[in-house]
Every structure is written in structure tokens, then in C-alpha cells.
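Asks: Shown below is the structure under consideration.
Here, each number is a calculation from the coordinates, and none is a lab measurement. Model, not experiment: these values are computed from the prediction. Because the Cβ atoms are built from the backbone with ideal geometry, glycine has one as well, and the counts that use them run over all protein chains shown.
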Amino acid sequence: MEENMDESQSQKGCKECCERCVGSLPWASLIATILLYMGVALFCGCGHEALSGTVTILQNYFEVIRAPGETLDVFTIIDILKYIIYGLAAGFFVFGVLLLVEGFFTTGAIRDLYGEFKITACGRCLTAFLMFLAYLFFLVWLGVTAFTSLPVFMYFNIWSMCQNTSLVEGANLCLDLRQFGVVTISEERKVCTGSEKFFKMCESNELDLTFHLFVCTLAGAGAAVIAMVHFLMALAANWGYLKDASRMQKYEDIKSKEEQELHDIHSTRSKERLNAYT
């Protein structure tokens, strides 16, 4: 009988422990962090490979060569974009960790461990600062998403030309890099539909793979925007909770002081009555 009671108590204790652990997780911040990491990883990985594929297409089919020296050409810009991608991957990994830690520090388990006053005293400033950063990065990712849609649109036009060339007989369409600002006006780098280079480019894997990589890059940027919106909602809720907790703490302090004063007055009067009787 006692063994059954011990087993039931241990099972009940494990269940309560699991419920406490699950309930103390900041699910909103956790989901937003996972979505942010997935979006940034998709953007950085696919963006890097798409830029490398763009270099291959420019060199093989448009015969664009790298300018000598430190001249700012399209290849230098692509290298700069790759370094920006490296910085985004590292920076948003740290930013996601900070936001996740902030979410943990506003859950019930951590509050019970450190107390309401310590959390509300330091947490409100941290949460407000992270809200500002999240809003700033939200605007940044909106700009990045808009910028990423440009190569998707360009590659979609090229891919559509390759798909529809066989349907339109006698059409003489050309892709001129001067229209996209890739080369200067004096340079003529174009490929027309009737040329052998155009057919080789359309049949190659570089064009199809690069186009779909840029689509995945755009999807990753969109996922990062959604993650920033999730973080803004979670941070706003946490800031509101910490603000209410700070007010409640002040109220509890005032209430405890008043109760202590009433207790001291009652003790003093009791002593005075006892002295009067004696």
C-alpha cells in the first residue's frame, strides 16, 4: 500500500515538474527565434550561392570580366554583398540569443527564482531597448526584402524568355546588361534569343538554380520580417507585464509599510494599556 502511494506521489511530482517546465518556457520568443534563425539561414545560405551563380553566368555567357585594380565593378559589389551576408548571419545569431534570454527572464520560473523586484528593475530598460532594436531591424528587413525582390524579378524575366522563345518564332529579343546597370553605357554586353550563348544559358543548370536560389533568399527575408513582428509582439507583452509588475511591487511595498505601522501602533497602545493597569 505504501509503495503504491509512493509511486503515485512520484508520478504526480514528475507530472507537476513537467508542467512547470513546459509552462515556464517563453513559447512566443522561442517560436520567433526559430523562425528568425530559419529565415536568416535561408537568406544567407541561398543568397551566397545565388550571388556565386550570378558571377558564373556573367562570366560564361555575357563575357563580363573583372576590372583590374580596386575599381568598383559588379564583381566587387557582389563580394561586398557576400561580406554583408556573413555579418548578418553572425549579428542576428547574437540578437536572437538576446531576445530568447529576455523571454526566459520574464517567465514565471525565473521570476520565482530571482524575485519580482530584480526582474522589473532591470528588465524594463532591457525590454524597451530590445523593442527599439527589433523595430529598427524590422524596417531593415523590409528594405532587404524589397531589395531581394529585384534579382528575383530580373531572373524571372530571363527564365520566362527562355521558356517562351520556342513558342514565338522569329522573335529577336536581347538581354542587355546596360539596362540593369551591371556594366557601363560604353560597354555592350548583351545576349540575343537567336544566338548560341542564349540557348546554352537557357539549357544550363546555372540559370535555373540561381533563379530558384534567389526565390528562396526572398522567402528567407520574408520569414525574418515575420519573426521581427513576432518579437515585437512578445516584447510589447513582456514590457506591459513588467510595467504592471513594477506597479504591483510598489503597491505591495506601501501596503507592507502601512501594515507594519499599524502593527507598531497597536503594539505601542497595548504596552501603554498594560502599563496603565500595572
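Asks: For residue 237 paired with residue 125, estimate the spin-label separation in nm (one decimal), with each label point 7 Å from Cα along the Cα-to-Cβ line.
Replies: Result for the modelled spin labels: 2.7 nm.
Asks: Another question, if that's okay. Compute the length gained on full extension between residue 188 and residue 82: take 0.36 nm times their separation in residues and subtract their Cα-Cα distance, giving the result in nm to one decimal. Intermediate results must be reported in sequence, preceding the final value.
Replies: Details: separation 106, 0.36 × 106 = 38.16 nm, distance 2.65 nm.
Residue separation times 0.36 nm, minus the Cα-Cα distance, leaves 35.5 nm.
Asks: If you don't mind, there's one more thing I want to ask. So if each residue of separation counts as 0.36 nm, and I subtract the Cα-Cα distance between residue 27 and residue 209, what length gain in nm does that give? Write out the running numbers ahead of the final one.
Replies: On the way: separation 182, 0.36 × 182 = 65.52 nm, distance 3.60 nm.
Taking 0.36 nm per residue and subtracting the Cα distance, the gain is 61.9 nm.
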